[in-house]
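The values are calculated or read from the model by the stated rules, or taken from the named source; none is laboratory data. Given the structure is predicted, the values throughout are model-derived calculations rather than measurements. Cβ placement follows ideal geometry from the backbone for every residue including glycine, while neighbour counts extend to all protein chains displayed.
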């Protein structure tokens, strides 16, 4: 009888080994995904983590040793060259030669004529010297300037210290002490703690309503952050509504992106600004715009007696292009308040620290980055976007899945480097939670008519953090294809022209 135990044992061992290897190979991706999920699950939710960071910072500020705090106070902007001593010159009297001859005394032997007195230079203390002295004293108290460098003259040392302070506060490092920088320098520890805790409380109140993938608009931070899968992808500067036209706190969504949008002048701007311009000058003052009267385009605006025209009969539409007030991209929301996100034809505002200057809409510092990121889900490549821009034609691309947008009012945030930033109020009376119709109870409607007015927006309100723009990889599920009407079924005709700004 043959002994078959050893052959069977070897065969079984070989089969088990092969099967085990196959199992490991096949289960590798699943195990990796499970591990990744476990790592994510171990971390606190993003907004909760932000709130905890703000509370921690509030404790640090509250428990810091008490120190002398010089207050600069409201006043003029001070910059390099201001303060110190200034020279005042009293010029010599300039007497015409003819007058000198007429008044000349008889010449006496041995006497020489007296020469005119030279200009008198007087050094006087600059009216800004006291203010500059307070600035340098405050910089010393905060550790940005050494004590032996105190001066009432805004010199290179003071300018360098101001820039360092501005960088630490997340402000534009222009080296000037304007109102925003002055407020940051004058902020007391108690005020800082109050702002931090107010923001932390708002974050906790809203965290449940903020999805893992969201566009977050923080009004006091004047910033827009894209959060993807619970992590900040990038943050960019934004221009938000001015105090007279506050941006409301909405809970909305981006349903589509318009490339090369048109801009229809809002009713308020038309009646208060553009129609009066037509009446006085016969022109709107808007580049590349068409004027319609009773639905028909006016070829020669100076041929119409605009004084006899009611504003309701006039419509002004700015064509697509670099001069368009909305820039090259519009991100269409669903609210009925005319509030949406868009680019701009005037990027200069983004260099300012105070950017509450729009009519309620939100202008993005890098609208193209946002468009390339969102349209990746629609299989539209950056190259395809560029091709569409080059055509100059208006196209609207619907997103496969709408992206939630949350407008919040948070007085502090955490940037991408983990640094806590404090944002003072930009409105004396901050907007309140949105009503079920999607409009804030205390915010004035933007400027009417928004693109697609699909469904009413549900309310929301609460602030959340920001960060500085860091490039974001565009997620792609399949190989993206260039933008074209044939290859992109999501392409539709332009949405109704937008009026907000």
Residue count, the stretch 193-210 (criterion: surrounded by fewer than 23 Cβ atoms within 10 Å (Cβ to Cβ) and touching a strand residue (DSSP E or B) at 6+ places or on another chain (Cβ under 6 Å)): 2
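Could you tell me how many of the residues in the stretch 120-142 are surrounded by fewer than 12 Cβ atoms within 10 Å (Cβ to Cβ) and touching a strand residue (DSSP E or B) at 6+ places or on another chain (Cβ under 7 Å)?
Filtering the stretch 120-142 down to residues surrounded by fewer than 12 Cβ atoms within 10 Å (Cβ to Cβ) leaves 120-124, 127.
When the remaining residues are screened for being touching a strand residue (DSSP E or B) at 6+ places or on another chain (Cβ under 7 Å), the result is 120-124.
Within the stretch 120-142, residues that are surrounded by fewer than 12 Cβ atoms within 10 Å (Cβ to Cβ) and touching a strand residue (DSSP E or B) at 6+ places or on another chain (Cβ under 7 Å) number 5.
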Of all residues in the stretch 307-358 being touching a residue at least 60 places away in the same chain (Cβ under 8 Å) and part of a helix (DSSP H, G or I), the one that is surrounded by the fewest Cβ atoms within 10 Å (Cβ to Cβ): 351
Some residue of the stretch 211-226 being surrounded by fewer than 22 Cβ atoms within 10 Å (Cβ to Cβ), free of Cβ contacts under 8 Å to residues at least 12 places away in the same chain and under 22 Å from residue 44 (Cβ atoms): no
Search result, residues across the stretch 212-233 that are farther than 19 Å from residue 409 by Cβ and either out of contact with any strand residue (DSSP E or B) (no Cβ under 6 Å at 6 or more places or on another chain) or not in a strand (DSSP E or B) (or both): 212, 213, 228, 229, 230, 231
Number of the condition not met by residue 117 [criteria: (1) exposed (fewer than 13 other Cβ atoms within 10 Å of the Cβ); (2) modelled with pLDDT of 95 or more; (3) part of a loop (DSSP other than H, G, I, E, B)]: (2)
Single condition residue 384 does not satisfy, out of (1) within 20 Å of the chain's Cα centre (by Cα); (2) assigned to a helix (DSSP H, G or I): (1)
Failed condition for residue 161, given (1) outside the structural domain of residue 377 (by TED's automatic domain parsing); (2) closer than 19 Å to residue 54 by Cβ; (3) crowded, with 17+ Cβ neighbours inside 10 Å: (2)
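Can you go through 417, 371 and tell me which one is within 19 Å of residue 233 (Cα to Cα) and at pLDDT 95 or above? If you could, list the steps in order and put the result at the bottom.
Details: 417 fails: at pLDDT 95 or above.
Unique residue meeting the criteria: 371.
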Matching residues, the stretch 252-306, being assigned to a strand (DSSP E or B) and closer than 20 Å to residue 321 by Cβ: 257, 258, 259, 263, 264, 289, 290, 291, 292, 297
